[in-house]
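Okay, so here's the structure we're looking at.
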Amino acid sequence: MTDGQESHWSRHLSAGGSAAEVDLSAGGTLPAVWLDRWSADPQRAVVWDAHDGWVTGAQLAARAQDVAERLASAGIGAGDRVLISGPSSSRLVAAHAALLAAGAVVVPLNGAYRAEEVRGVVADCRPAAALVEGVGEPGEWAEWIAEAGPAVQVTDFDAMELAEGDGSSAPTQRDHGVQASERRPDEPALIGYTSGTTGRPKGAVLSHANLLASVRALELAWHWTPDDVLVLALPLFHMHGLGVGLHGTLTVGARAVLQPTFEPDAVFDAIREHQATMFFGVPTMYSRLVASPRAAELSALRLCVSGSAPMPAELHDAVREASGQHVIERYGMTETVMLVSNPHDEPRRAGTVGFPLPGVEVRLDAEEILVRGPNVFSGYWERPAENAASFSDGWFRTGDLGQWDDGYLRIVGRAKELIICGGFNVYPREVEEVIASHPDVAECAVGGEPDPEWGEVVVAYVVAERDFAEDELKDFVGEHLAFYKRPRRTYRIDALPRNALGKVQRQMLGRQAKP
């Protein structure tokens with residue numbers, strides 16, 4: 001444990017707890033914990049969706065049994081990769097649980113993927129089967145999958161209907177043919193493909209132990225209990241929605257209200273109708289929520305969490321002013337699930353991601369963030385060269401740059417996004433925060449362009465309703481930051497290119513530039 005980590009760790013624990021008492025492996029594996037809970041309290045509602053309403057543990061266990069039988073009859077077993085994609089629903093939840101319990105390696109995919117992306121993942125991980133529903137046009141995915149993997153069995157969730165009966169009891173794991181107790185914590189459970197901002201996406205292999213350790217840490221840090229009801233509008237193909245929202249809910253025995261898409265009114269309706277206590281989102285979601293005339297309804301929640309992209313301090317303030325909510329910003333990655341979080345009980349500092357979570361160690365190496373802990377993955381799928389470059393003496397090199405601010409971690413950019421102007425380091429986020437404060441700028445992103453004199457110079461991409469004079473933003477930034485951080489050129493664009501989780505795709509900015 002690095003110097004100071006013990007004190008940071010203890011800030012996430014309940015009064016009277018200590019780091020030594022934390023067991024991040026309690027329960028062995030996620031599916032074992034889930035199925036035990038569903039068997040112990042079969043009539044308890046677990047997840048809600050618009051099609052089925054509240055679904056109980058008994059019903060989820062019955063659906064998982066159906067999936068397990070279909071997998072077994074198709075010859076799919078431990079170690080086989082299985083693609084899964086579809087709108088958030090109780091059927092997807094049951095299928096995910098069955099796959100993990102059966103020892104298959106889940107490969108969640110974005111339903112918006114097109115042919116090249118689907119074929120790339122299939123060719124890379126060579127799945128045995130694909131469970132897909134409501135993705136693309138009918139038959140598209142089956143065609144694309146067949147082109148890359150002719151032997152892949154493609155099916156949907158049609159057979160996963162609610163079990164007959166009143167759901168008053170639930171068989172045990174073994175009765176269901178779902179042998180969660182046979183899974184070893186060190187077995188691979190999930191391959192999460194990175195967003196691939198440069199080059200071909202890589203598959204991060206996470207074990208059962210990795211996934212469980214991160215959820216247990218969040219259970220402690222966020223005081224997550226069975227009494228909580230989470231409004232979950234995040235997609236279940238991404239670590240934020242799946243590895244945090246869904247896994248956490250099922251593990252602590254809480255309840256989740258699944259939303260197939262994000263709509264502000266639907267979120268506010270769910271908070272009211274289901275007496276929700278938690279909401280997890282990305283900054284783009286919070287921007288739309290706070291712009292709603294119903295923004296004050298967020299005050300009914302005990303906890304709001306933001307992640308997957310930096311949350312501007314101005315947005316933190318806007319949410320607080322509209323609803324009284326002090327949003328918790330946290331930091332994680334596909335490769336590690338969650339790493340750092342602002343504290344539950346101490347001040348939540350806007351612009352930072354807080355303290356290392358229980359079990360996580362963080363250190364800085366020339367400002368690059370290095371991490372290790374039971375939640376950190378073992379490596380990328382079949383990428384030995386990249387794995388060797390990604391780890392240093394057991395520490396995973398995140399590629400993110402950070403700074404400590406009185407024990408709070410501040411993310412200042414990506415190592416590959418660092419702009420070196422005349423030998424000086426420029427972090428895009430620092431410049432972006434200043435430009436975003438300009439009254440005529442709606443959104444902005446900062447990048448670097450080659451320059452024969454300076455090596456690189458800062459350039460700004462802005463979304464605004466008017467054009468800017470040649471040196472207007474350069475002079476504006478110069479009032480706040482050093483001369484070398486001023487943007488030498490400004491490009492006005494229609495919208496920032498973002499992925500499904502709201503992250504700016506910087507590699508696409510230059511394609512949209514209009515001087």
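Bear in mind these aren't lab numbers, they're just calculated from the coordinates by the rules spelled out. The model shown is predicted, which means the values in this text are computed figures rather than measured ones. Cβ atoms come from the backbone with ideal geometry, glycine included; neighbour counts cover every protein chain shown.
Side notes on the structure shown:
- Where only alpha carbons of segment 310-444 are counted, the Rg and the Dmax (Å): 16.5, 49
- Charge context of VAL229, other residues only, Cβ under 15 angstrom, K/R +1, D/E -1: -2
- Close amide H partners of TYR491, meaning residues 5 or more places away or on another chain with modelled amide H under 5 Å apart, are ALA460, TYR461, VAL462.
- Helical mean residue ellipticity (222 nm; -39500 (n - 2.57) per DSSP H run of 4+; nearest 500) of the chain: -8000 deg cm²/dmol
- Cβ-to-Cβ counts within 10 Å put LEU301, LEU339 in ascending order as LEU301, LEU339, the fewest first.
- Cα-based Rg of segment 418-512 normalised by 2.2 N^0.38 Å, two decimals: 1.01
- Across the alpha-carbon set of segment 315-389, the Rg to Rh ratio works out to 1.09, Rh being the Kirkwood radius.
- Helix 57-73 vs. the chain, principal-axis angle (Cα, 0 to 90°, nearest 10): 80
- Percent of Cα pairs exceeding the 34 Å cut-off, where the set is the chain: 38
- Its residue count N fixes a reference of 2.2 N^0.38 Å for segment 378-456, and the Cα radius of gyration divided by that reference is 1.42.
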